[in-house]
Amino acid sequence: MDAFIWLSTLGVILLAVIYFAVKLSAGSPGLPPRDASHTIPWPWYTFKFYLVRVLLMIRRRKLLHIRRRAEDYKAMLKDFRELATFDCSTDTDLTPHGNNSFYVNGSDQTGATRLVACVANRPEGRRDVWFLLRLPGLGDLVLPQHPHCVVDNIHGSGFSAAGLSFTVTDPLKIWRISFNGLCRMGKRNELDDEDRRPQVHLRCSFIWSTFTTYFNFSTDVSPCLLAESIAKETWTKEFLTKCCEVSTEHRLQQFGVLHGVVQVDDQTEREVLMRGVRDRSRGTIDFSDIHRGISISIVLEDGMCVYVGTSCKRGSPLSSTSGYVIRAIGGVIPVVSTDLSLADMMENAEDPPIGFSFSAQLETGKKLAVDVYIEDFVSFNIGSDWSVRQREGLSRFTVDGVQGRGVCQLTRRSDEDCPVPSMKAQPRLYRDPAIVPDSEVSSYLLPLEAPSCQSSMLAGGKGSQLAKLTSLQGHLPPEFQFEVPRGFVITTSALQSHVESNPAIHDAVKRQTAVSCALSSGSLDEARQRTAALLTETDISSDHKREIARLFKEIFGDSMDQKTFAVRSSAVGEDGKQMSAAGQLDTFLGIQTVEKVFEETRKCWASQYSLRAVQYRRQHGQKIDSSMAVVIQEMVPAQTAGVIFSRDPLTGNPARVIINANYGLGESVAAGLSEADTITLKMDESKNLSILQKKIGSKDHAIFISEDGGTETKTLPKDVKSRCSLAEDVCVKLGHIAKELDEYFGEGLDIEWAVVHDKIYLLQARPITTYDTPTQYELMHEFDSGHPSDSSWLTSANTQEVRPGCSSPLSLSASTDILDFGIQVSAYHDYGIPTSFPACKFCNYHCNQMLLSVVAMSTCLLQISELQKDSFLQSIGVMFDDSFIDEMKHLHAPLPSAFKRILNLGTILKNFWDCKARVEASLRDVEGYFTQTFSTAQEQYDDIIHGRYHADYPGVCQHYSTSFWKATFAQLLLDGILSRYSKHAESDFVKLLSSGPAIETAKPPFEIEQIARAIKEDGQGEAFLKMTSEQAVRWLRTPPSGDAGRRFSAFLENHGHRSLKEIGLEIKSWAMDPTQLIPSVQAYLKGHIPDEPKKKLEVPVSDLVDQLELPLPSVVRWMLVKWLVPMTRSVVAEREICKSMYIKSIHHFKQAYWRLAKLMVNEGLIPDEELLFYFSLTEIGQLLKERAPSLVARAHRRRRIEPELEAKTFPRLMHGRPEPIVDEEDAYDSRDVTTLEGTPICRGVIRGQAVVVIDLKNATKIKKGDILITRTTDIGWSPYFPILSGLVTEIGGVVSHGAIVAREYGIPCVVNIPKATSLIKSGEIVVVDGSRGTVEKQRPPTANGASVNGV
């Protein structure tokens, strides 16, 4: 192959040289230049083009481009892992021309709601930020400094500045986009002397969810466009050297959905939904090189996405172009040529015409005609010198007659001078000192003035913040000066030394940590009480005391005896942006002697181990034995004190400052002793503050320093407490100080203050942690799948049987996404349908519940046959109308020809041949991973990540999916033949599937019945019923259990990988927790176990066909008896075996994740093992790296709302965005309904008492002979089938779990009855007709609730 390529290369070069010689001899003048900036070099262009084209073809063989990724899913996973790392990279330590940016735009279908947002990280703490949100009735909201984009002195990493923030939830899949700050109403393209636009407070949070795969500009741009761009350049030594260099620039794009909530000022919160493109890039960008650029991104009404971009550099004669199209059904098609010309569009005019057209030739040969109409421009000036102007053209488009919305982005070099002065450098108080001298790291005492005291690891949260405030004294304008009371910090090194020098304390801390982290048994409360008692009682060493006394004298001199002091706890990690820990630790006030300081210091250390402090740290994933410093500070005799918030603590509004004040010390405010005064200040556009509102509190009591030491509480006189405790001028001065500190710290602050004779003292400053928490909408919808258009079709059938209820965040991000990927790979290999990974294509999610895409299913079926109204009747129980079929045909146009469908059918049949063997092979590969145990959580996590990207789990999913399609194909074929000869094809189909060989899914209930039978025959039935589940498992694992124990062990060996909701990682398999099986065994023992096990009656296929009494031609009858019916039975049984193997692969994942959960509890990262499953996979990695308490708090909130998500139910079929069923109980009056109709599954008629059980946890209510009414069943319900007399489900199909097991037991069964669990009540007498598919309610529940059965 390599020799062929090289020969081809030499041939092309030879032909190019001949062609070049002919052109030269003809004296070709070449193409005339349009202007000086866009001249095409001639006559070397054609030669260079073909030369580069061949070289790119050779290079392309090594790249993971679109086609290679689709063909090799392991290569795709490798590429995805690398790009996911890039997508998460938010580094700000950049080279002089470094750039790391996140850009997103979106529009609804009408264009009334639009978003354009970008944060570009630049060197030296600078960001370029542009933001526009257009809302109906409000117009455009932009940043106050618009069109200026530069924001200086930004602290921290990440894409965050000016109130705008982009945060990853799941790389390449889900991002959180939030804004909280001030905006101007209305855009402006130039800076005016006076800005009269109204200013409003905007809060919005969006979730960006992809619905396409990614386009990687490093590998996916058409070689034709690349060759054209390179060939048009003037080839110099420098240019060719640059071409040979390995590029360090990365850029990718995806289209997705933006959905979330928006609130302007105090208006009602509104929900919005938009679609658009996300652009991630990292590399270098020299603004002086930029000349012109235009890029167009479009989302059409039918879901197709289009991108075309072209740009040129300053001094370069030509432009480089890229483009692609992503179809709504998946598949990226590169653009190979376009007539979108920079010379025509932008060179000789400020802006292109409002309306223009261009065409784009696709790799498939199709040519798109694109019409553009720019409705409005919004300008953004980029760079500190405004060297680049970017104009976002909010546009509507027509592509081949289909309407769409998007952005026409114009970039041009600007020579305009920037009138905005650069911000002066400020002390970076938002971060700890970069370097702390070794001599001070081990220091036991640090004065607040010491630079090293600003280190939170030495001085704790409170101490480091006080040191930073101390360093700011004198930096503020003279009219806004403040003081920080003098003091020093007893550092964390002192506590560490104290613990290590006292073995009893050291052992107590170690013991408490072991108990807290489940490394040792015992009472956590007793362990922490002992630690606290030892810390309180053990005296500080004499060396430490001398050092403290010396520093006291050095700071306070001889006047120390006339002063009082505060001894304040300052733990590491408290008073931070992610965790405040306010009120968790002790503070002691009014201390008058050094000896008393020593005593209270020990009490502060001990408070680190109080019950509330220990539980607070455990619940936030922080170390139980985290260190602490103690602040010793002079107290001021405050006349008035309190707290001030530099922004509204509830909403984060920067134009509001909130003051809480009371007479005396601020402790009365912090402790809520009395209702304090509340003063609200407002800030105008010029940053002037004025009082907006005063609310005079009752102020019944106040706290003052006692003359005898300590504090005392006094009752205030009526005339005093009726007045505001703070003068208006002091309020305004306090507000200005708060806003100044807000600027220095770069975030909203909660500041403790005191006033003495108009002098303001600051006692503490901590970040406000309350206004950036996720909204309820976010928690409910953060994992919702993106849909390319409002015409999506989804169903809850099948999926709610496979995964009933909601899935955990970890399952969604670490397991079910690979399931969907495997299905996509199967569809590619079986049907030739392009993949959309990492976007979910078949398995969609809404409110964490799985839904199936009918559009994706239609895509598969259309590759082999025409779409019929009843194509999905067997699978989801729905007959579609002609409009649906027409919509699907339009969406999938052009449809495959008849010949192509025959070829596709041949490919499918070939892949069907050995799918079971391929599942087994992939499963063996998976079983080679996730087996090793590790001693640390990080090692276990790394092993999981390694296995996720190397184990052939996608192969298991792929071949299991193929077995599913194989069974579906056989069912459709059989049903199609029956439909020609029978009016009751559905019922006849069910009958032919019954009475066949045993199916894997139906084996567990038979084997559990054998365990119960063995227990009864051994005479242990009564004793077993009295056992707890744990006692029963222990007994079954001992020799005295005899045959029952052996059968129990065999059951776990054969079926231990299965469980209720078995594809959820958070649900332990039966082998991991066998106690789940005991209630089922006990239910058998409570009922009547026949002396002999029931044997399934297998009826010959010929007899079943004859019983149908259909007018079948002899050839058709022969085909049914000899081939089609046996084959359908066989492939259905094979599908269940493949499903079991797929579940076994998940079982290995479960074991690894539960081992990880245990290790993370042992390391104190999470308080309990179950909480792990409320993190995404990416968040677990972040938690292991950063130990971020905000991630743990988010997981807690997710767990709290899970019951609400679990309770949501969805219609069987949904068009557009999914909406759960609301007020189901109120919408249906069960008394008005007597007969319900559904899909017949197993013939027979049974009359009995209904029992409605929605959750398996309540299955103990089922008594022998009951008719079970439930939403759906999975294998977890299997053990209860032998005691049922009938089954009715809301969801299911003819080969669903409930249908298969009901046929195995001969239980009359009807599925697909909407609202059955609401319309039928427990205790009602019903008649289930499994032949006609009806359920008839006969009378209300009996008085005594006894079961009534009969045929």
Restricting the range 1315-1330 to residues that are polar (S, T, N, Q) and in contact with a strand residue (DSSP E or B) (Cβ under 6 Å, 6 or more places away or on another chain), the residue that is surrounded by the most Cβ atoms within 10 Å (Cβ to Cβ)
Thr1317
Candidate set from the range 1231-1270 (those that are free of Cβ contacts under 8 Å to residues at least 40 places away in the same chain and charged (D, E, K, R)); member that is surrounded by the most Cβ atoms within 10 Å (Cβ to Cβ):
Asp1255
Counting only residues that are open to solvent by 30 Å² or more (accessible area, probe 1.4 Å) and touching a residue at least 24 places away in the same chain (Cβ under 8 Å), how many does the range 539-550 have?
5
Among (1) touching a helix residue (DSSP H, G or I) at 6+ places or on another chain (Cβ under 9 Å); (2) buried (at least 24 other Cβ atoms within 10 Å of the Cβ), Leu812 falls short only on (1)
On the basis of being closer than 22 Å to Ser791 by Cα and either of a type in the set (Phe, Trp, Tyr) or buried (at least 21 other Cβ atoms within 10 Å of the Cβ) (or both), does Leu300 make the cut?
yes
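Restricting to the range 666-688, give me the number of residues that are closer than 20 Å to Gly590 by Cα, open to solvent by 60 Å² or more (accessible area, probe 1.4 Å) and over 39 Å from the mean Cα position of the chain (by Cα).
Of the residues in the range 666-688, 2 are closer than 20 Å to Gly590 by Cα, open to solvent by 60 Å² or more (accessible area, probe 1.4 Å) and over 39 Å from the mean Cα position of the chain (by Cα).
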With the structure loaded, tell me whether Lys910 is farther than 29 Å from Ser1145 by Cα and either assigned to a helix (DSSP H, G or I) or among the polar types (S, T, N, Q) (or both) or whether it fails that test.
no
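Taking Glu728 as the residue in question, decide whether it is under 30 Å from His846 (Cβ atoms), in contact with a strand residue (DSSP E or B) (Cβ under 8 Å, 6 or more places away or on another chain), at pLDDT 90 or above and surrounded by fewer than 21 Cβ atoms within 10 Å (Cβ to Cβ).
When the stated conditions are applied, Glu728 does not pass them.
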From Ser1140, Ser1176, grab the single residue that is over 25 Å from Thr85 (Cβ atoms) and either in contact with a Lys or Arg (Cβ under 7 Å, 6 or more places away or on another chain) or crowded, with 20+ Cβ neighbours inside 10 Å (or both).
Ser1140
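Which of the strands (runs of 3 or more DSSP E) contained wholly in the range 134-185 include at least 3 residues that are under 29 Å from Ser1190 (Cα atoms)?
It comes to 159-161, 164-170, 174-185.
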Candidate set: the range 1162-1197, residues that are assigned to a helix (DSSP H, G or I) and among the β-branched types (Val, Ile, Thr); chosen: the one nearest to Gln512 (Cα to Cα):
Val1192
Output the residues belonging to the range 786-807 that are in a loop (DSSP other than H, G, I, E, B) and closer than 18 Å to Thr1209 by Cβ.
Ser796, Ala797, Asn798, Arg803, Pro804, Gly805, Ser807
Is one or more of the residues making up the range 86-101 crowded, with 23+ Cβ neighbours inside 10 Å and part of a helix (DSSP H, G or I)?
yes
List every residue pair whose Cβ atoms lie under 7 Å apart, where the two residues are 6 or more positions apart in sequence or sit on different chains, the first residue falls within the range 55-83 and is in contact (Cβ under 8 Å) with a residue 40 or more places away in the chain and over 19 Å from Pro954 (Cα atoms), and the second residue, located anywhere, is polar (S, T, N, Q) and open to solvent by less than 30 Å² (accessible area, probe 1.4 Å).
Leu63/Thr219; His65/Thr219
Does at least one position in the range 615-627 carry a residue that is aromatic (Phe, Trp, Tyr), farther than 30 Å from Glu449 by Cβ and outside any helix (DSSP H, G or I)?
no
Among (1) over 30 Å from Lys916 (Cα atoms); (2) touching a residue at least 12 places away in the same chain (Cβ under 8 Å); (3) not aliphatic (A, V, I, L, M), which single condition is Gly1056 missing?
(1)
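Pick from Lys1144, Lys1068: which is part of a helix (DSSP H, G or I) and modelled with pLDDT of 90 or more?
On the way: Lys1068 fails: part of a helix (DSSP H, G or I).
Being part of a helix (DSSP H, G or I) and modelled with pLDDT of 90 or more holds for just one of Lys1144, Lys1068, which is Lys1144.
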So which residues in the range 430-459 are in a loop (DSSP other than H, G, I, E, B), surrounded by 17 or more Cβ atoms within 10 Å (Cβ to Cβ) and at pLDDT 80 or above, if there are any at all?
Ser443, Tyr444, Leu448, Ala450, Ser455
Just give me the residues in the range 1298-1311 being open to solvent by less than 10 Å² (accessible area, probe 1.4 Å) and more than 17 Å from Ala1250 (Cβ to Cβ), in sequence order.
Ala1299, Ile1300, Val1301
Has the range 198-220 got any residue that is closer than 19 Å to Val264 by Cβ, of a type outside the set (Val, Ile, Thr), modelled with pLDDT of 85 or more and not in a strand (DSSP E or B)?
yes
Strands (runs of 3 or more DSSP E) (entirely within the range 1231-1318) containing at least 2 residues that are at pLDDT below 85
1239-1242
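Within the bounds of the range 821-832, is there any residue that is in contact with a Phe, Trp or Tyr (Cβ under 9 Å, 6 or more places away or on another chain) and surrounded by fewer than 23 Cβ atoms within 10 Å (Cβ to Cβ)?
yes
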Report yes if some residue within the range 501-515 is more than 18 Å from Ser570 (Cα to Cα), touching a helix residue (DSSP H, G or I) at 6+ places or on another chain (Cβ under 6 Å) and touching a residue at least 40 places away in the same chain (Cβ under 8 Å); otherwise report no.
yes
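Every residue, every condition in (1) under 40 Å from the mean Cα position of the chain (by Cα); (2) more than 30 Å from Gly1306 (Cβ to Cβ); (3) of a type in the set (Phe, Trp, Tyr), yes or no:
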| site | (1), (2), (3) |
| --- | --- |
| Phe1006 | no, no, yes |
| Ile1011 | no, no, no |
| Glu1017 | no, no, no |
| Ala1023 | no, yes, no |
| Thr1028 | yes, yes, no |
| Arg1037 | no, yes, no |
| Pro1040 | no, yes, no |
| His1057 | yes, no, no |
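The values are calculated or read from the model by the stated rules, or taken from the named source; none is laboratory data. Just so it is clear, the model here is predicted, and its values are computed rather than measured. FYI the Cβ positions are ideal-geometry reconstructions off the backbone, even for glycines, and counts take in every protein chain you see. All accessible areas refer to the heavy atoms of the entire protein, side chains included, with ligands and DNA or RNA removed. Shrake-Rupley method; radii C 1.70, N 1.55, O 1.52, S 1.80 Å.
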